[in-house]
Amino acid sequence: MLPYLVLAFSLCFDRTNGFTAIQQQQQQRAFVRTSSQPTSISGSKRSYSTQLRAATTASFSDYYVDQGSVVAEEAFVDTDQETKIGVLLLNLGGPETGDDVEGFLYNLFADPDIIRLPSVLSPLQSSIAYFIAKRRAPKSRAAYDSIGGGSPILKYSNEQADLLRKSLSDRYGVSVKTYIGMRYWYPFTEEALDAIRADGINALVIVPLYPQFSISTSGSSLRVLQEEFAKKPDMYGPSKMTHTVVSSWYDRPGYVRAMADLIKKELDKFTPEEIAEGTADGQECARHILFSAHGVPRSYIEAGDPYMEQIKDCVAKISKELPSKEDGVDIHLSYQSRVGPVEWLRPYTDDVIPELGNEKKVKNLVVVPISFVSEHIETLEEIDMEYRELAEENGIVNWKRCPALNTDETFIEDMADMVFEALNEPAQTVTEACVANNVANIELVDESDQRMGIANIAGVGVSDEEFAASTYTRGVL
């Protein structure tokens with residue numbers, strides 16, 4: 001347990017100073033510039049010449065597109081310093097074995113973004129985290145045992161990183177190194193930064209693996225980077241490494257298309273007999289889609305978190321690519337994983353499913369996890385087991401669940417396009433991404449307000465009793 005205590009303690013220092021220090025650097029934002037905007041390459045033969053000019057003073061030139069691929073014809077440097085591009089993928093992390101569960105929980109609850117204490121009580125952060133981790137570990141370990149003993153999130157994140165690197169090389173002729181930075185378990189974000197520094201990376205693209213931005217997910221991970229960049233400007237300052245952040249990407253056409261394609265595959269699996277059953281009692285639509293997004297406390301939205309609006313916009317964009325009511329398909333949106341006595345985003349998934357079954361007599365349902373790009377405890381246990389059982393208890397007899405994107409080819413190619421475009425566009429620093437998405441606003445919420453809630457992140461939500469014991473809590477995806 002001692003290593004966990006030491007690690008969590010290191011994550012709990014004052015965030016405000018780090019945020020302010022980074023803000024002072026936000027004008028020093030030169031990254032990789034281009035003389036022309038990147039051109040879409042999907043399904044076309046086009047040629048263009050562009051120059052990627054990095055703040056490291058190195059650049060690539062004379063890229064051309066042929067048969068849907070972009071190849072680097074020539075690379076040169078303006079000085080003795082070579083441009084070394086890295087891509088840092090940020091994610092939640094999760095225990096890989098049952099032995100990891102308690103340490104993972106400790107790191108989770110030692111984060112002030114999960115449990116917010118008044119400054120006078122901040123020395124109790126570690127004690128409260130230890131208490132909750134001890135209490136929750138047996139139940140959480142059982143949940144992970146039900147899906148094979150651990151979270152597959154690192155496995156999928158590594159596969160996504162490997163395929164992204166290959167796609168950038170094959171389709172754009174751009175050589176990059178990819179890194180995984182997890183928030184609450186190995187490899188931690190700090191470890192990824194150590195590797196980035198050891199590899200001499202001087203141009204970094206930062207991509208949270210959350211399509212929609214939330215203060216509690218992307219924002220929390222970016223705060224870690226703020227702290228590290230502020231503490232070590234001699235290592236991560238503009239003279240050493242430039243960076244840019246893709247803070248959200250739910251509205252990218254490639255992502256939308258990838259999600260729509262997966263959903264349509266599930267819709268097509270319903271048999272003619274099942275479709276007939278879906279309208280046997282006079283129902284308007286034979287097939288239904290339920291987008292289930294991870295919830296956050298409503299107080300986050302009131303503080304300026306863009307998550308809810310981005311979820312709604314995301315669902316609307318994907319829905320335009322799907323069959324409509326005229327085609328016999330009805331679409332719904334709900335929010336899962338709420339815990340504690342606070343108000344979370346509504347409607348709740350565990351309320352919507354019984355309503356669909358009992359009131360609307362839905363027989364055929366496809367559930368779509370819209371906040372996740374890889375399988376983990378919320379898809380494999382909460383949706384596949386808990387919500388499926390709830391659906392069957394309420395008369396929904398033909399259940400299907402859309403898989404997470406994982407290593408979907410369209411998704412990976414769109415990620416590669418996104419990174420390449422980020423290299424060509426004006427940089428957005430970590431701080432600018434946080435300011436643009438109101439991360440600092442969460443600090444303005446009255447810290448004595450117990451409406452903030454706490455997360456059921458990774459299936460480790462806190463009970464009302466534990467909520468009362470911790471006194472001051474905050475929610476997270």
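Does Leu117 satisfy the criteria of being farther than 22 Å from Leu209 by Cβ and open to solvent by 30 Å² or more (accessible area, probe 1.4 Å)? Judged against the criteria, Leu117 is not a match. For first residues located in the stretch 427-452 and under 27 Å from Val342 (Cα atoms) and at pLDDT 50 or above, partners that are buried (at least 17 other Cβ atoms within 10 Å of the Cβ) and of a type in the set (Val, Ile, Thr) and lie 6+ apart or on another chain with Cβ distances below 6 Å form the pairs Val439/Ile215; Ile442/Ile215.
If you go through the stretch 356-385 and keep only what is free of Cβ contacts under 8 Å to residues at least 40 places away in the same chain and in contact with a helix residue (DSSP H, G or I) (Cβ under 8 Å, 6 or more places away or on another chain), you end up with just Gly357. Among the criteria (1) touching a residue at least 60 places away in the same chain (Cβ under 8 Å); (2) under 18 Å from Ser220 (Cβ atoms), the one Ser292 does not fulfil is (2). A single member of Arg183, Arg171 is touching a residue at least 12 places away in the same chain (Cβ under 8 Å) and open to solvent by 20 Å² or more (accessible area, probe 1.4 Å), and it is Arg171. How many of the residues making up the stretch 155-169 are closer than 15 Å to Trp185 by Cα, out of contact with any strand residue (DSSP E or B) (no Cβ under 7 Å at 6 or more places or on another chain) and not charged (D, E, K, R)? Residues flagged as closer than 15 Å to Trp185 by Cα, out of contact with any strand residue (DSSP E or B) (no Cβ under 7 Å at 6 or more places or on another chain) and not charged (D, E, K, R) within the stretch 155-169 amount to 1. Residues of the stretch 135-156 being in a helix (DSSP H, G or I), under 19 Å from Leu92 (Cα atoms) and of a type in the set (A, V, I, L, M, F, W, C), which ones? Ala137, Ala143, Ile153, Leu154 - these are the residues of the stretch 135-156 that are in a helix (DSSP H, G or I), under 19 Å from Leu92 (Cα atoms) and of a type in the set (A, V, I, L, M, F, W, C). For the stretch 342-362, does any single residue satisfy the condition of being of a type in the set (D, E, K, R) and open to solvent by less than 10 Å² (accessible area, probe 1.4 Å)? No.
Looking across the stretch 267-285, the residues that are closer than 22 Å to Ile383 by Cβ and either open to solvent by 30 Å² or more (accessible area, probe 1.4 Å) or within 34 Å of the chain's Cα centre (by Cα) (or both) come down to Leu267, Asp268, Lys269, Phe270, Glu274, Cys285.
Here the stretch 125-136 is the region considered, the condition is being of a type in the set (A, V, I, L, M) and over 24 Å from the mean Cα position of the chain (by Cα), and the residue that is most open to solvent (accessible area, probe 1.4 Å) is Ile128.
Entry remark, the stretch 411-441: residues being open to solvent by 40 Å² or more (accessible area, probe 1.4 Å) and among the polar types (S, T, N, Q) number 3 in total.
The values are calculated or read from the model by the stated rules, or taken from the named source; none is laboratory data. Just so it is clear, the model here is predicted, and its values are computed rather than measured. Note that each Cβ is placed from the backbone with ideal geometry, even for glycine, and that neighbours are counted across all protein chains shown. Heavy atoms of the whole protein, side chains included, go into the accessibility calculation; ligands, DNA and RNA do not. Shrake-Rupley method; radii C 1.70, N 1.55, O 1.52, S 1.80 Å.
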